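A quick write-up on the structure given underneath.
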Amino acid sequence: MPARPIWKGAISFGLVTVPVALEPATESHSVAFRQIHLPDGGRVRYRKVCEVDGEELREDQIGKGYEISKDQIVPITDADLDGMPLPTAKAIEIVAFVDSDTVDATQYGAGAYYLAADGPVAAKPYVLLRKALERTEKAAVAKFALRGRERLGILRPMGDALLLQGLHWGDEIRSPAELVPPDTDLTEDEVERALALMDTMSTEHLDDLGEQLTDRYTDALIEVINAKAEHRAPVAVEGEEAPAAPVVDLMAALEESVAKARESRGDDAGPGTVHEMPKPKKKAAAKKAPAKKTAAKKTAAPAGRRKTA
């Protein structure tokens with residue numbers, strides 16, 4: 001059953017307009033818990049109460065407000081938000097095309113959405129954009145507004161459909177500089193063993209891994225819940241236990257890992273393939289900083305935001 005669209009608008013591609021509907025590309029299978037009162041198992045519920053008159057409120061009595069100061073909150077209505085002079089309010093605005101591998105992996109993770117052609121008139125420009133992206137192996141950098149904020153995204157083909165992956169703004173990503181370990185000496189043999197392990201564990205597609213990608217935690221959690229409801233002990237879920245002790249002999253650990261990986265694949269070949277170490281790539285010219293958004297400051301009124309793609 002198709003998901004219900006969460007947004008309707010259009011892709012703005014130069015002077016080409018593609019009416020689309022936005023649908024979630026993922027769904028959660030997480031086990032949800034309720035909060036309970038431990039002595040009697042009763043549900044714990046949250047009630048929304050007005051601080052001024054103490055009245056418990058219904059959802060239709062609750063709106064949005066921006067706190068300018070401790071004693072002043074400015075009410076913001078849906079009409080105020082809908083009337084913002086924002087080009088992306090009802091459009092996914094394509095601002096550039098880039099090679100997919102030039103997008104920093106840390107920027108991904110702000111939601112993934114399928115775009116459906118909204119009506120017969122949208123079919124031709126939709127397919128045109130998808131085919132153009134496929135032929136050039138490019139991805140489109142786009143800006144769009146969703147759930148009260150402007151977002152950055154990457155638009156790319158996914159089979160016969162278009163996928164919009166949300167990106168974090170540049171100023172939302174922490175620098176890893178403080179986490180980098182000190183300089184460490186590695187032997188050539190250690191690097192070769194690591195390459196042999198990677199070679200043994202390589203696969204062409206994620207789908208080829210099959211049962212290896214089973215969510216054993218959720219399986220175990222469901223078994224615990226079922227066992228508790230049936231007043232019995234939970235049955236252990238199969239799976240290898242993680243090593244408890246830190247690795248001391250790196251070379252021995254690599255050798256054992258290669259042997260286990262080969263055994264799991266039924267490979268009885270001898271020692272691992274010796275790889276020629278790739279030459280370090282020359283440092284490319286400094287990249288421009290990722291797109292940023294300006295954080296709003298609490299002043300007499302929220303500061304305007306200027307975001308660049």
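Cross-link pairs exceeding 27 Å between alpha carbons, from the set LYS64/LYS143; LYS8/LYS70; LYS48/LYS228; LYS70/LYS90: LYS8/LYS70; LYS48/LYS228; LYS70/LYS90. For a label point 7 angstrom out from the Cα of ILE173 toward its Cβ, which stretches of the range 109-149 have the backbone nitrogen within less than 12 Å? Once the point is set 7 Å along Cα→Cβ of ILE173, 109-110 turn out to lie under 12 Å by backbone N, inside the range 109-149. In this calculation the C-beta distance from LEU206 to ASP53 is compared with R0 = 45 Å, giving a FRET efficiency of 0.20. The phi-based Karplus calculation (6.51 cos²θ - 1.76 cosθ + 1.60; θ = phi - 60°) puts the 3J(HN,Hα) values of the range 72-79 at 9, 10, 8, x, 10, 9, 4, 5 Hz, whole numbers, x for Gly and Pro.
A simple spin-label model places the labels of TRP7 and ARG135 2.9 nm from each other, with each point 7 Å out along Cα-to-Cβ.
Values quoted throughout were computed directly from the atomic coordinates according to the rules given, and no laboratory measurement underlies them. Here the structure is a predicted model, which is why all the values come from computation and not from measurement. Because the Cβ atoms are built from the backbone with ideal geometry, glycine has one as well, and the counts that use them run over all protein chains shown.
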